[in-house]
1. Name the residue that is surrounded by the fewest Cβ atoms within 10 Å (Cβ to Cβ), counting only residues in the range 230-246 that are in a helix (DSSP H, G or I) and touching a residue at least 60 places away in the same chain (Cβ under 8 Å).
2. Have a look at Gln154, Gln164 and point out the one that is in contact with a Pro (Cβ under 7 Å, 6 or more places away or on another chain) and at negative phi.
3. Restricting to the range 184-242, and then to whatever is among the β-branched types (Val, Ile, Thr) and in contact with a strand residue (DSSP E or B) (Cβ under 6 Å, 6 or more places away or on another chain), can you tell me which residue is nearest to Glu114 (Cα to Cα)?
4. What number of residues in the range 19-38 are open to solvent by 40 Å² or more (accessible area, probe 1.4 Å) and touching a helix residue (DSSP H, G or I) at 6+ places or on another chain (Cβ under 6 Å)?
5. Given the structure, is Arg67 in contact (Cβ under 8 Å) with a residue 12 or more places away in the chain, surrounded by 13 or more Cβ atoms within 10 Å (Cβ to Cβ), basic (Lys, Arg) and part of a helix (DSSP H, G or I)?
6. Considering (1) among the β-branched types (Val, Ile, Thr); (2) open to solvent by 10 Å² or more (accessible area, probe 1.4 Å); (3) in contact with a Leu (Cβ under 6 Å, 6 or more places away or on another chain), say which one Thr112 fails and leave the rest.
7. Quick one: Leu254 ticks every box in (1) at pLDDT below 95; (2) under 30 Å from Phe128 (Cβ atoms); (3) part of a helix (DSSP H, G or I); (4) more than 15 Å from the chain's Cα centre (by Cα) except a single one, so which number is it?
8. Among the residues of the range 186-222 satisfying the criterion of being within 15 Å of Asp155 (Cα to Cα), of a type outside the set (A, V, I, L, M, F, W, C) and open to solvent by 100 Å² or more (accessible area, probe 1.4 Å), which is farthest from the chain's Cα centre (by Cα)?
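The values are calculated or read from the model by the stated rules, or taken from the named source; none is laboratory data. What you see is a predicted model; the values in this text were computed from it and never measured. Cβ placement follows ideal geometry from the backbone for every residue including glycine, while neighbour counts extend to all protein chains displayed. Keep in mind that these areas ignore ligands, DNA and RNA; they rest on the heavy atoms of the full protein, side chains included. Shrake-Rupley method; radii C 1.70, N 1.55, O 1.52, S 1.80 Å.
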Amino acid sequence: MIKHFLDYIAIERKYSPRTVEAYRDDLQDFCRFVGQDAEQFDPTKLDEYDVKTWMLHMLEKQRLSPRSVKRRLSALRSFYRFLLRQKKVTKDITARITPPKADKPLPVFFRTSEMQAVAQQEHWADDFISLRDALIIEMLYQTGMRQAEMLALQDRDIDLMQGQIRIFGKRRKERIVPIGESLKKLIRQYMEARAELTDGHETLTFFVQQKNGEVRAMSKSTLYTIVRTRMGEVSTLKKHSPHVLRHTFATAMLDNGADIRSIQELLGHASLSTTQVYTHTTFEQIKRVYNETHPRAKGAK
């Protein structure tokens with residue numbers, strides 16, 4: 001049953017491979033907790049009590065955050081809704097379960113000075129790796145695309161004549177993001193260096209890496225390491241990830257006058273409420289500056 005559900009969300013709902021993998025892990029964890037084999041899972045033998053004790057186990061024994069527990073419960077909810085539609089169960093045992101409340105942390109982002117510093121670093125040379133790494137940082141910063149979207153990018157998705165990139169987001173939803181001259185120039189340089197590396201042969205994905213003399217699609221771990229290393233050289237943030245660059249893109253757009261609807265379209269958010277978290281981030285910036293600089297806020301008389 002679990003396999004059929006995973007096939008359903010992958011093929012019919014067009015969930016990303018990463019999301020499908022997360023759902024699989026969450027459901028397998030639930031199966032282990034209730035003492036069932038994932039391949040022979042029998043939902044008719046379970047009730048609300050099993051779900052509640054699973055949640056309690058995650059919170060108290062596994063020390064998971066409320067956010068993580070809520071995400072796992074969401075996977076189980078989706079699974080039981082699928083079972084209801086398939087008439088495998090007569091009751092959704094997750095329907096009346098209230099997930100733990102999770103505080104929504106404000107997104108962190110790199111400062112403008114840090115983005116300028118990483119662009120001006122002397123080690124951006126003309127060799128393939130340096131060009132590729134520089135392009136990755138700039139493309140994430142200038143387009144706001146997700147890590148998975150970047151890894152799936154293909155040559156045909158980039159239109160240098162029109163100055164735009166076609167991005168396929170969650171559930172293969174397509175959006176078009178414009179790019180400027182500086183990014184177009186860097187793309188051309190990278191593609192020339194890549195052509196020398198591959199001896200003119202086409203590649204399956206736009207970004208590639210070389211391992212043991214073989215050119216292959218870039219892995220998630222390689223992309224993360226590139227961003228962590230390059231941004232770690234200029235930033236004091238504790239976290240240096242592709243997603244922080246996505247936050248940086250959105251915050252920079254908002255700070256420079258972009259309306260929230262346009263940012264929503266560029267980020268590929270289905271809901272405006274998801275994008276509005278950046279308005280709170282900007283307000284927190286304003287509040288901090290006010291408290292640090294205004295004489296009344298500082299307690300001066």
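1. Step by step, filter the range 230-246, then rank; the result is His243.
2. Working: Gln154 fails: in contact with a Pro (Cβ under 7 Å, 6 or more places away or on another chain).
Testing whether each residue is in contact with a Pro (Cβ under 7 Å, 6 or more places away or on another chain) and at negative phi leaves just Gln164.
3. Ranking the candidates gives Thr222 first.
4. So the count comes out to 3.
5. Working: in contact (Cβ under 8 Å) with a residue 12 or more places away in the chain: yes; surrounded by 13 or more Cβ atoms within 10 Å (Cβ to Cβ): yes; basic (Lys, Arg): yes; part of a helix (DSSP H, G or I): yes.
In short, yes.
6. That leaves (3) as the condition not met.
7. It is condition (2) that Leu254 fails.
8. His201
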